[in-house]
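> Here you go, one structure.
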Amino acid sequence: MTTPDLEERARPAAHRRDDRASRRGSHALRWWVLAVLGIAQLMVVLDATVVNIALPYAQRALDFSNTDRQWVVTGYALAFGSLLLLGGRLSDLFGRRTTFIVGLIGFAAASAIGGAATGFDMLVAARVAQGAFAALLAPAALSLLTVTFTEPSERAKAFGIFGAVAGAGGALGLLLGGALTEWMSWRWVMYVNLIFAAIALVGAVTLLARHVSNERPKIDVPGTVAVSAALFGIVYGFSNAENHGWSNGVTLGFLIGGVALLGVFAWIESRVKNPLLPLRIVLDRTRGGSYLTIFVMGIGMFAIFLFLTYYLELTLHYSPIVTGVAFLPMVAALVAASTTTPSLLLPKLGPKLVVSGGFLIAAVGMALLTRIGLHTGYASHILPALVLLGIGLGAAMSTAFQSATAGVHHDDAGVASAMVNTSQQVGGSIGTAALSTIAASAASSYLTHRQASPLNVAQSLIESYTTSFWWGAGIFLVGAVVMLALMPNTAPAPAEGEPVLVH
């Protein structure tokens with residue numbers, strides 16, 4: 001295997017000129033590649049929260065019910081979560097550049113349709129299409145990063161920046177969603193994706209290297225069907241539990257069926273010649289620990305964004321824009337931790353200690369949020385918690401992103417990257433359902449022996465928020481203990497670089 005720089009020097013000058021158009025993504029342009037990938041990742045991550053702010057406005061404009069409203073969020077989550085592993089493997093088989101570009105164009109087109117929606121059905125169809133194309137785009141972006149940055153110090157810096165974008169995107173989505181909805185229209189939370197996609201598309205076409213392969217792509221059809229159905233069942237089961245409870249027959253049926261199909265999928269992957277997800281990807285302790293880290297973060301971060309947003313808007317009466325601004329200290333702390341931890345702390349402490357320490361700091365931050373009340377001061381009660389959460393989650397996330405693709409062969413980079421998004425998506429679905437149920441139960445318990453006066457109702461909401469924050473702190477604490485036991489403390493090895501075309 002040759003590196004781009006050595007290969008370029010070894011070949012005749014005429015050959016270098018002849019195929020320069022096919023040799024995009026050279027080593028010299030790698031930081032521009034990172035910028036393109038970061039823009040695409042930001043677009044996908046923003047979309048998970050930016051729509052939530054605008055949803056009530058879209059509901060009034062298109063006149064659909066509260067029951068229907070959940071499908072605008074669930075439709076995206078179902079398509080995204082169930083197709084991620086397929087999207088990751090397609091990027092390995094047909095080329096990361098091609099898959100990335102198709103994902104960008106498709107996501108932009110779906111966003112345009114969603115922004116122009118004239119009814120509920122059209123909006124939900126656009127959201128499902130967004131999720132499907134995001135399942136192509138997200139793994140391709142991370143796998144491109146994986147095979148572009150293989151030198152350890154640069155890899156740490158690149159993954160730190162990418163992790164900062166991934167972690168901060170959710171909070172920035174709240175701010176952007178509030179600004180667009182308040183100053184323009186709910187439709188612009190969809191249309192804004194066209195701007196991101198256009199910039200990333202120009203960069204992708206200009207900078208990214210074309211796929212090189214001498215093998216005919218082979219898709220593991222039985223494995224694809226099994227895992228897509230399994231992930232669909234799990235995500236839908238938890239979404240249904242949020243609205244219909246855990247004892248609901250549909251909830252239980254989908255959850256049990258999803259788990260059973262995961263077992264079938266593992267059995268298939270251990271026997272087929274060209275598995276969708278080679279088991280070596282997840283059985284490696286460094287990568288497996290990283291996927292579990294991202295899964296735990298997906299559960300815990302839900303408590304921050306959803307319940308703290310509710311508290312700021314419903315209890316403290318912040319506007320959507322002010323609510324978004326209130327999260328900016330967390331974003332700043334997360335970006336600072338993500339960009340410094342991989343190069344400063346990770347080489348000295350190792351992934352086990354960095355991830356576990358990050359979880360412990362995040363647990364303290366979450367516990368501080370349990371002090372909120374009906375008339376809490378932002379600077380005294382919320383700001384310190386957000387800063388600690390940003391530091392802890394930034395350190396853990398950037399380390400997990402880098403370790404999740406450690407040592408993978410370039411042919412497996414796409415599906416290894418897809419596991420990152422799958423872990424995050426399933427974790428978020430579990431967090432949505434479980435913590436919403438816990439919060440609702442806490443509010444009901446508070447009102448059981450009290451009169452439903454306005455003051456008691458308001459206090460019951462505080463009880464629901466603080467209970468969720470305690471659970472979030474416990475989840476992060478368990479994550480720290482599990483990582484201490486599971487994750488090895490050796491520095492993550494770089495992935496194999498992308499092969500180049502040889503004449």
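> If you check every pair at least six apart or on different chains, which have Cβ atoms under 9 Å apart with a residue in the stretch 143-159 that is in contact (Cβ under 8 Å) with a residue 24 or more places away in the chain and farther than 14 Å from T341 by Cβ first and a residue that is basic (K, R) and crowded, with 24+ Cβ neighbours inside 10 Å second?
Cβ pairs passing all conditions: S143/R96; L144/R96; V147/R96.
> List the pairs whose first member sits in the stretch 341-367 and is more than 20 Å from F476 (Cα to Cα), whose second member is of a type in the set (D, E, K, R), and whose Cβ atoms are under 6 Å apart, counting only residues at least 6 apart or on separate chains?
Final answer for the pair search is S343/K157.
> From the list G497, G472, pick out the single residue that is touching a helix residue (DSSP H, G or I) at 6+ places or on another chain (Cβ under 8 Å), modelled with pLDDT under 85 and buried (at least 18 other Cβ atoms within 10 Å of the Cβ).
Exactly one residue qualifies, and that residue is G497.
> Checking M419 against (1) farther than 28 Å from W246 by Cβ; (2) in a helix (DSSP H, G or I), which test does it fail?
(1)
> Which of the following residues is within 24 Å of L78 (Cα to Cα) and either touching a Cys at 6+ places or on another chain (Cβ under 9 Å) or assigned by TED's automatic domain parsing to the domain that holds L283 (or both): N421, N456?
Exactly one residue qualifies, and that residue is N421.
> A further question follows. Would you mind finding the one in I268, I281, I294, I256 that is touching a residue at least 40 places away in the same chain (Cβ under 8 Å), more than 29 Å from G38 (Cβ to Cβ) and not basic (K, R)?
The unique qualifying residue is I268.
> Return the residues of the stretch 368-379 that are assigned to a helix (DSSP H, G or I) and closer than 22 Å to L455 by Cβ; say none if nothing qualifies.
L369, T370, R371, Y378
> Out of curiosity, is D47 modelled with pLDDT under 85, in contact with a helix residue (DSSP H, G or I) (Cβ under 6 Å, 6 or more places away or on another chain) and either in the same structural domain as A179 (by TED's automatic domain parsing) or not in a helix (DSSP H, G or I) (or both)?
In short, no.
> State whether the residues of the stretch 13-29 include one that is of a type in the set (K, R) and at pLDDT 80 or above.
No, that holds for no residue.
> Only one residue in G173, G169, G203, G131 is in a helix (DSSP H, G or I), under 14 Å from Q41 (Cα atoms), over 21 Å from the mean Cα position of the chain (by Cα) and assigned by TED's automatic domain parsing to the domain that holds L306. Which one?
Unique residue meeting the criteria: G203.
> Quick one: would you say V322 is farther than 26 Å from G474 by Cβ, surrounded by fewer than 17 Cβ atoms within 10 Å (Cβ to Cβ) and of a type in the set (A, V, I, L, M, F, W, C)?
Answer is yes for this residue.
> So is I219 farther than 27 Å from I372 by Cβ, surrounded by fewer than 17 Cβ atoms within 10 Å (Cβ to Cβ) and in contact (Cβ under 8 Å) with a residue 60 or more places away in the chain or not?
Taking the combined requirement at face value, the residue satisfies it.
> Let me ask you something else. Going through the stretch 347-360 one residue at a time, which ones are aliphatic (A, V, I, L, M) and either over 22 Å from the mean Cα position of the chain (by Cα) or part of a loop (DSSP other than H, G, I, E, B) (or both)?
L349, L353
> Please go through the stretch 90-112 and give me each residue that is in contact (Cβ under 8 Å) with a residue 60 or more places away in the chain and among the hydrophobic types (A, V, I, L, M, F, W, C), ordered by number.
Matches in the stretch 90-112: L90, L93, F94, F100, I101, L104, I105, F107, A108, A112.
> Still on this structure, please answer the following. Condition (residue is surrounded by fewer than 21 Cβ atoms within 10 Å (Cβ to Cβ) and touching a His at 6+ places or on another chain (Cβ under 7 Å)) applied to the stretch 358-367: is it met by at least one residue?
So far as the stretch 358-367 goes, no, none of its residues is surrounded by fewer than 21 Cβ atoms within 10 Å (Cβ to Cβ) and touching a His at 6+ places or on another chain (Cβ under 7 Å).
> What single numbered condition from (1) of a type outside the set (V, I, T); (2) within 18 Å of the chain's Cα centre (by Cα); (3) not in a helix (DSSP H, G or I) fails to hold for R89?
(3)
> When you scan the stretch 63-80, how many residues do you find that are at pLDDT below 80 and either over 16 Å from A125 (Cα atoms) or charged (D, E, K, R) (or both)?
5
The values are calculated or read from the model by the stated rules, or taken from the named source; none is laboratory data. None of these values were measured; they are calculated from a predicted model. A quick note on method: Cβ atoms are made from the backbone with ideal geometry, for glycine too, and the neighbour counts reach across all protein chains shown.
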